[in-house]
Amino acid sequence: MLTFFSAGTGGAPPPAFLLTGTNFKYSNSRRLRIWAGEFPDFLPKQVENIKDPYARKLASRIERIPVNLSKGCVMSSCVKSKEQTEANPVVLLHGFDSSCLEWRYTLPMLEDAGLETWAIDILGWGFSDLGRHPSCDVASKRDHLYQLWSTHIKRPMVLVGPSLGSAVAIDFSVKYPEAVDRLVLIDASVYAEGTGNLATLPKAVAYAGVYLLKSLPLRLYATSLAFNGLPFSTCLDWTNIGRLHCSLPWWEDALVNFMISGGYNVISQIEHVKQKTLIIWGEDDQIIDNKFAVRLHCELPNAILRQIPKCGHIPHVEKPDAVSRLIANFARPDQSQRANPDSVSTISVPS
């Protein structure tokens, strides 16, 4: 369970300038300051305590949009694109038990690059209204994403999945190939055979485990393992960002429902992915071994692999400039055709 959790904490450090800039402080950045009254009222009140200005700014943009499922409408949380462009939209998923706040650094960079960009909370996680207690198993997550896409996006998308979000993206693209033009998989968690023994736990034990999963000490420990050298105050802030959605009243029920349903097992689907795929991997990923990047590149029919040096499991938070550049070049057909033709390479990241 800790491995699942670590892959989705979203508790990564900010870009280097947030830690090293001599004149930058959270409290005096007027341009990025977001006051509590500017947050959507459906977010947990703990959002007011977040210090990271980029997380605060993105949180202020989260909204709920209606998505009709077989058992009723779910008001689903996302960050909508500011404008529609002629190019296919980029749609950002997130990792296990996380939220769209993972994209607090990279999403603005993609928008600055001129891309129509959405960040969507996967059913059961994030900040959607689950008061009707919909099922949150794999089939339900897939159907929810399809209904959201067919209602609100309506065009083939560049679908981006980090960590377990890569399994979500592969499962979706194989089932609904007409909805996905291209795939981007980031430090992909796609070789786990579902939730394993967790699926056989008695419900009472599962709830006890989930209760422990949202505890501050465990989340702090996982964040400190994933990212070395963080000041304690920063580590605490990122931990609170990563567990913000856990304060919603249906979080435990939704997570237990997913865990006992068996989770994602997409190993047999990988070879059936037809879309052109960009694999991004942090070379120093301590959660999913780099050998799985090579394996995935070999098994996908049409893929390129780009490795980011001195980067861990969540590159879109740790190296947002590199990730946004890779996604932007890949999302534009004219750019990707002129890009480095090698199927495997390590990119250059300015220090």
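The values are calculated or read from the model by the stated rules, or taken from the named source; none is laboratory data. Since we're looking at a predicted model, the values are computed, not measured. Using ideal geometry, Cβ is built from the backbone for each residue, glycine included, and neighbour counts are taken over all protein chains shown. When the accessible area is computed, the model is the full protein with side chains, heavy atoms only, and any ligands, DNA or RNA have been set aside. Shrake-Rupley method; radii C 1.70, N 1.55, O 1.52, S 1.80 Å.
Expected output is a single nm value to one decimal: the length gained when fully extending between Asp284 and Glu252, i.e. 0.36 nm times separation in residues minus the C-alpha distance. What is it?
8.3 nm
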Check your understanding: Using the beta-carbon distance between Gln269 and Val205 and R0 = 25 Å, what value does 1/(1 + (r/R0)^6) give for FRET efficiency, to the nearest 0.05?
Key -> 0.25
Study note, to complete from the structure: For Val90, other-chain or 5+-apart residues with amide H closer than 5 Å (H placed, Pro excluded) are Glu116, Thr117, Trp118, Val158
Review point. What is the range 47-123's relative contact order, in percent, from Cα pairs under 8 angstrom and six or more apart in sequence?
Key: 32 percent
Practice item. Can you send over the carbon and sulfur percentage of the accessible area for the range 193-328, probe radius 1.4 Å, protein chains only? Key: 54 percent
Practice item. State whether the range 169-303 is rounded, prolate or oblate according to the following rule on the C-alpha gyration tensor (a ≥ b ≥ c being the square roots of its eigenvalues): a/c under 1.5 gives rounded; otherwise a/b larger than b/c gives prolate, and the remaining case gives oblate. Key: oblate
Practice item. Ignoring everything but the protein chains, give the 1.4 Å probe accessible area of Tyr105 in square angstrom, nearest 10. Key: 10 Å²
Study note, to complete from the structure: Accessible-area order for Met259, Met109, largest to smallest, probe 1.4 angstrom, reads Met109, Met259
Revision key, fill the gap. For Glu48 the rounded accessible area (nearest 10 Å², probe 1.4 Å, non-protein molecules ignored) is 100 Å²
Review point. Accessible area per residue, 1.4 Å probe, Å², for the range 93-230: what's the number?
Key: 33 Å²
Revision key, fill the gap. For Val180, other-chain or 5+-apart residues with amide H closer than 5 Å (H placed, Pro excluded) are Met157
**Study point:** Compactness relative to 2.2 N^0.38 Å, alpha carbon Rg of the range 136-236
**Key:** 1.36
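At most 13 other Cβ atoms within 10 Å and a DSSP loop assignment: could you name the trypsin sites (Lys or Arg not before Pro) in the range 149-235 that fit?
Within the range 149-235, the qualifying trypsin sites (Lys or Arg not before Pro) (loop, at most 13 other Cβ atoms within 10 Å) are Lys154.
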Practice item. Could you tell me whether the range 265-322 comes out rounded, prolate or oblate from its Cα gyration tensor? Rule is a ≥ b ≥ c as square roots of the eigenvalues, rounded for a/c under 1.5, then prolate if a/b exceeds b/c, otherwise oblate. Key: prolate
